[in-house]
Every structure is written in C-alpha cells, then in structure tokens.
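What follows is a single structure, written as structure tokens, with notes after it.
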Amino acid sequence: MLRACILMFICLLFLPSCHEGEPYTVYEFMMDTQCSITVYSRADREAVAPVFSTLRSFASSIDRHEEGSDVWRINENAGIRPVEVSEPVFDLIARAKELSLSVGGAFNPLMGALSDLWDFQSPDPRIPTEEEVSDLLEPVDINALVLDEDAHTVYLADSRLVLDLGGIGKGAAGMLASQELSKLGVERAIINLGGNVCCLGSRPDGSPWRVGLQTPQTGSSGYFTTVSCQDASVVTSGSYQRYFEIDGVRYHHILDPSTGWPARSGLVSVSVISPDGALADAYATAFFVLGLDASMEICRRDGLQAIFMTGEGEVVSSY
Ligand code: ADP
Ligand code: MG
C-alpha cells in the first residue's frame, strides 16, 4: 500500500507539465502580426496545427499583396472584369460591404490605393499632397464593389480602386479559427491575432475570460482595463499601432474615407466586443473614424459593447 502511494506520489510529481487546464500556446507570424492560439486541455493540443493551417490559407487568400490570391486577382481586374472567388472570401467581402453601409461609410474596404500612398510602413515616410489624396479618394464609393451572389464573383467598377480587407480580416480570421477549433471538439481557447482576441467558451472554472485592453501609448505593455468575454471577440483599433511622425504630428494607419487623411476624431483607442468577430473589427475601425458621439449612437442602435479612450485619457464604455 505504502509502495503504491509512493509510486503515485512520484507519478504526480511528473504530471504538472501535462495538467488539464494548463495553457498550451502556439505562436505564428501571420497577417503582418504575431498570432497565437492557446488551448487548455491535452486532448485539444492536436487541434491547433490544423487550425493554424486553415488560418494560413484564409489569410493568404485575402492578402492583397500576395500574387494570385483572391483579393490580388480582384484588384488586378479592377475596371476590367468580375473575378470568381472562394466562398469564405466572397462572404467576407459581402460582409465588408454590408458593414460599410451600416456605419455610413466610415469603414470602407476600397481605400487600398490611399493606404499605399500613405505607406505607413515606409522607412522613409512622407505626407502626400492634397491632390494625390483627392485623386485616389475620388472613385472610393462602396457601390463600386459589385457582388454577384450566384456566380460568387467580385468586381471593382473603377480601375483605380484597390480592395483592402485589412480593417476586417483579423476579426474574421479569429472567428474562423474559433469555429474550426469548435468543430474539432475544442470547448475553450483563446485566439490572439495581433491584439484581436477571440475567446472560445469560458475559463476552465466556468467564468468568462478577462481580456486586457492595452494602454494606448507606444511601447506600453500595460492595460488600462479588462473586459469579460465568453464566445466573443474583443477587437481594438488604435492610433498607436502603425504610424509615422513628421514635425511632431502623428499620421496613423486608420484613414477617414471622407477625407483620405488619418482620422482625427479625438479617440486614441476603440475596442468592440461582439460574438461576431468581423463586425467587431469593422466597427472598431469605423468608430475610430466616427469619434465618440456618433459611435455611441450606433452602439445604442445596435446594442453593441464598446470601450473608447479619448485623447485626454478619458475612458467611456457603451454598457
Ligand atoms: P489593425 O489592422 O491594425 O488591427 P484596423 O482593424 O483598424 O487595425 O485596420 C486598419 C487597416 O484597415 C489599415 O491598415 C488599412 O489597411 C485599412 N483601413 C484604414 N482605414 C480604413 C477605413 N476607414 N475603413 C476600412 N479599412 C481601413
Ligand atoms: Mg478593424
């Protein structure tokens, strides 16, 4: 008996590395950002690699810079002909159009040419001229994104337009990963795509996950608040993620579709919490453009949870 107990004790000593409930995280660089998937049971670990592979192929099909991708082909054929795309890509583009219309155009996926002009990643950035901006802004109209549901085709009605799903892609990808994990029997997981966090299920003790919202200061790793999240995504748009500075002025990567210039709405960070990751992503971008009052109005209209931080550091919650 004593020997059995000692043996059991020794076995338990070696168990901590494979405890149920212990997080297991896999990282991969994708969609221009660090991505990770965390699962909490040993059996779930096997699901991570196939889900990453699904994510990888989805990410490359919506990558406008990847030659031959669905979005690349749509852009190559702008003003020429409709392009047939895969079902998930078609659905996402249809979603992007619908969400653009529901926020009065503040989210607009047709501004790829303007993002290229601003080139926020350039080692040698410059401020474009008013004329350069207005030339590229002129054709930007969500109705020029023409979709054929039956043929699964997408057509850009003006050759100057460039489809860019950067403002919605990560939110959609998070939701896709969560659905795929769930199909493989995983009940709880955290998918983090560069700060776009998708929570599957609840914490091992049954309580909701807590997601920290990053303090919007460059280089800061602290959180200004946390939000509860269960079977939902928390998506943040901020002016501190991708930008350049010239003469003390910050030019960041979220453009106002009404001006073609970086949005100046008085907000520095917007987080949207929703079971619909694509919506959370598109709305976070749109709210950043719209500013506090107009965004709160939409939150009331659609019953949405969002948390805003203003340039003065004031934190406002819609719920
Ligand atoms: P991130 O992708 O950095 O998490 P966002 O979701 O806010 O942040 O998306 C910003 C990206 O979306 C930009 O890099 C650009 O590709 C694109 N974009 C910029 N402004 C808009 C806009 N008003 N509507 C739709 N997409 C936008
Ligand atoms: Mg977004």
Given charges at beta-carbon only (K, R positive; D, E negative), |dipole| of the stretch 62-156 in Debye: 160 debye
Between the stretch 241-319 and the stretch 184-212, the Cα center-to-center distance that results, in Å: 24 Å
Karplus (6.51, -1.76, 1.60) ³J(HN,Hα), θ = phi - 60°, over the stretch 314-319, in Hz, Gly and Pro reported as x: 7, 9, 10, 10, 8, 9
Dipole moment magnitude, nearest 20 debye, the chain about Cα centre, only Lys, Arg, Asp, Glu C-beta charged: 1380 debye
Long-range tail of P(r) for the chain (Cα pairs > 24 Å, %): 57 percent
Average projection area in nm² (convex hull over Cα atoms of the stretch 108-177, one quarter of hull surface): 6.4 nm²
Positive-end residue, the stretch 21-70 charge dipole about Cα centroid, Cβ charges, pick of Pro23, Val51, His65: Pro23
Heavy-atom accessible surface of the stretch 172-281: percent carbon and sulfur, 1.4 Å: 46 percent
Solution diffusion estimate, µm²/s, Stokes-Einstein, the stretch 60-197, Kirkwood Rh from C-alpha pairs, 20 °C, viscosity 1.002 mPa s: 132 µm²/s
Selection from Tyr283, Gly222, Asn192 lying farthest towards where the dipole of the stretch 174-319 points positive, charges on Cβ: Asn192
Cα-based helix-to-principal-axis angle, 277-290 vs the chain, degrees rounded to 10: 50 degrees
Burial order of peptide ranges 200-207, 257-264, 171-178, 310-317 (average beta-carbon count within 10 Å, highest first): 171-178, 257-264, 200-207, 310-317
Over the stretch 43-137, relative contact order from alpha-carbon pairs under 8 Å, at least 6 apart, %: 12 percent
The stretch 62-156 - accessible surface per residue (Å², probe 1.4 Å): 49 Å²
Helix-derived mean residue ellipticity, 222 nm - over the chain, DSSP H n ≥ 4, -39500 (n - 2.57), to 500: -10500 deg cm²/dmol
Potential extension, Glu187-Asp150 segment - 0.36 nm per residue separation minus Cα distance: 9.9 nm
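The values are calculated or read from the model by the stated rules, or taken from the named source; none is laboratory data. Only a predicted model underlies this, so the values are computations on that prediction, with no experimental measurement involved. Every residue, glycine as well, gets a Cβ built from its backbone with ideal geometry; the counts of neighbours run over all protein chains shown. When the accessible area is computed, the model is the full protein with side chains, heavy atoms only, and any ligands, DNA or RNA have been set aside. Shrake-Rupley method; radii C 1.70, N 1.55, O 1.52, S 1.80 Å.
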